[in-house]
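Values quoted throughout were computed directly from the atomic coordinates according to the rules given, and no laboratory measurement underlies them. For clarity, every value in this text was computed on a predicted model and none was experimentally measured. Don't worry about glycine lacking a Cβ; one is built from the backbone with ideal geometry, like all the others, and counts go over all protein chains shown.
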Amino acid sequence: MKYKAFTLLESVIVLCLVVSFAVLPITQFRPIKQYHAEQLFFSKFNQEWRYLQAYALFRGERVQILISTHTVTFRTFTDRQGVSEKTLNLPNGLHSNSQQILIDPPGHIGPSRIVFNSAYFKKTIIKPQMGWGIYE
């Protein structure tokens, strides 16, 4: 006798294939999301860094950058207003060692090395020297 419909076994195999193709992109989504979160953080970090260099240069005031395991705090010191702070949170999976960096009034920074370690990607090293940041 010839059947004109799928058997139960054929239906189960097709269903398993469809489910596996649907689940495969979901498992790949987390690294992509992490990559975009890290790129957004580094973009904001670079923007704040450049702003503070210009601030130190034009206002003639010292600026402090505090890097902790999960946050980066940018501090400006003014005689009139006291202390102004802006904090950036590191995305999940990205962390750094604690350190303090000072930008002198002419906008210069002593040789230092900032290392951001990622749980998903290679580490990012920033070497700010004499007012320039070099990314590796």
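Loop-located trypsin sites (Lys or Arg not before Pro) in region 36-112 (DSSP state not H, G, I, E or B) with no more than 15 neighbouring Cβ atoms inside 10 Å: 62, 80. Along the chain, the longest continuous region that contains none of the chymotrypsin sites (Phe, Trp or Tyr not before Pro) in a DSSP loop with at most 12 other C-beta atoms within 10 Å is 7-136.
Counting lysine pairs in the chain whose alpha carbons fall under 28 angstrom apart, excluding pairs fewer than 8 residues apart on the same chain, gives 12. In a reduced charge model with +1 at each Lys and Arg Cβ and -1 at each Asp and Glu Cβ, the chain shows a dipole moment near 300 debye about its Cα centre. Mark the label point 7 Å from the Cα of residue 92 along Cα→Cβ and return the residues of region 31-55 whose backbone N is within less than 11 Å of it. Backbone N within reach: 34.
Helix 8-59 and the long axis of the chain differ in direction by around 10°, with both axes built from C-alpha atoms.
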